[in-house]
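Heads up, the thing below is written out as C-alpha cells.
The values are calculated or read from the model by the stated rules, or taken from the named source; none is laboratory data. Quantities reported herein were computed from a predicted structural model and do not represent experimental measurements. Cβ coordinates were reconstructed from backbone atoms using ideal geometry, including for glycine residues, and neighbour counts include every protein chain displayed.
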Amino acid sequence: MLKLIIVMIMKNIDNKTYQKYIKRLVEGDRRSCFDIVQSLIEKDIELEIIYKELFTKSMYEIGYLWQKNKITVTVEHIATSITEQLISSLYPKILGSGQNKACKYLGACVPGELHQLGGKMIADLMELYGWDSFFAGANTPEEDLLQEIKRIRPDLIGLSISIFFNFDKMKNLIKSIQSSFPDLKIITGGHAFTLTDNNILSDFKNVRLIKDIDELKRLSC
C-alpha cells in the first residue's frame, strides 16, 4: 500500500521584501511597514516566518546600525515602537492558531532591563507553539516575579537580557528562582549573549540558552 506523505514547505520572505521593509522601518514609515506585513499574511506566509525573517532579523540590524552610529537612538526607538505595534496586531492570529495549551510559560526581562521586545516576541511564539504564555514585561522586580511564579505555576520560565551589564542581576535572579523553585526549568536569551561567552551561565543547572527561534520551537514540557 502506498502511503501519501504531505510535506509542508514554509514560504520564506524574499530579500527584496526584507530590504523594502528595513528601509521603511529606518524611515519610521509605520503605514508602509504595516502594509508589507499585511501583504505577507495575504500570501500565507507563516507567522513564525514573519517573526523570524522579518521582526527578529530587522531588529538585530537596527541594533547593529545603532552600535555603528549609523542611526540615532530616536530612530532605534521609533523602529522598536513600530515593531511592537506590528507584533500586537498579529496577536489575535496567534490566539486563533488552535494550538493545545497544555503547558504554562512565564517570560520576563531581568531587573534593570528596559528592552522588552525580544521577550515579548518569545512569549508570543511560545503561545503559537502550544504553550499557555504569560509575559511580565520589562524591568521585572525580583520579588514580584517570584510571586507570579508561585501564582501561575509555570512549567518553564524565560528570562530576557539585552544589556551586558545586567548579567549580575540575571545571575542573582536565577539564584533566587532556583532557591524557591529548584525544579523549575529556565531558558534565557537576548542580545547580551552576543557580547560574552555563552558559558557565562554554565554554573547553573536547569538553565538553557536559546540561540534562535528554531531551538525555541523544539522545547517541550
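The rows are residues; the columns are (1) assigned by TED's automatic domain parsing to the domain that holds residue 62; (2) at pLDDT below 95; (3) under 22 Å from residue 57 (Cβ atoms).
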| position | (1), (2), (3) |
| --- | --- |
| 109 | no, no, yes |
| 127 | no, yes, yes |
| 130 | no, yes, no |
| 153 | no, no, no |
| 165 | no, yes, no |
| 195 | no, yes, yes |
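Restricted to helices (runs of 4 or more DSSP H) entirely inside the stretch 110-221, those with at least 1 residues that are under 23 Å from residue 51 (Cβ atoms) and either over 18 Å from the mean Cα position of the chain (by Cα) or among the hydrophobic types (A, V, I, L, M, F, W, C) (or both) are 117-128, 213-217. Determine, yes or no, whether residue 31 is without any contact (Cβ under 8 Å) to a residue 24 or more places away in the chain, surrounded by 16 or more Cβ atoms within 10 Å (Cβ to Cβ) and more than 19 Å from residue 93 (Cβ to Cβ). No: the conditions fail for residue 31.
Residues of the stretch 81-111 that are under 27 Å from residue 146 (Cα atoms) and surrounded by fewer than 16 Cβ atoms within 10 Å (Cβ to Cβ): 84, 88, 91, 95, 100, 101, 102. Pairs linking a residue in the stretch 36-64 that is in the same structural domain as residue 21 (by TED's automatic domain parsing) and under 13 Å from residue 11 (Cα atoms) to a residue that is in a helix (DSSP H, G or I) and of a type in the set (Lys, Arg), with Cβ atoms under 9 Å and 6 or more positions apart or on different chains, are 41/93; 47/93; 48/217.
Screening residue 63 with (1) of a type in the set (Gly, Ala, Ser); (2) modelled with pLDDT of 95 or more; (3) surrounded by 12 or more Cβ atoms within 10 Å (Cβ to Cβ) gives one miss only, at (2).
Entry remark, the stretch 120-149: residues being free of Cβ contacts under 8 Å to residues at least 12 places away in the same chain and more than 29 Å from residue 195 (Cα to Cα) number 1 in total.
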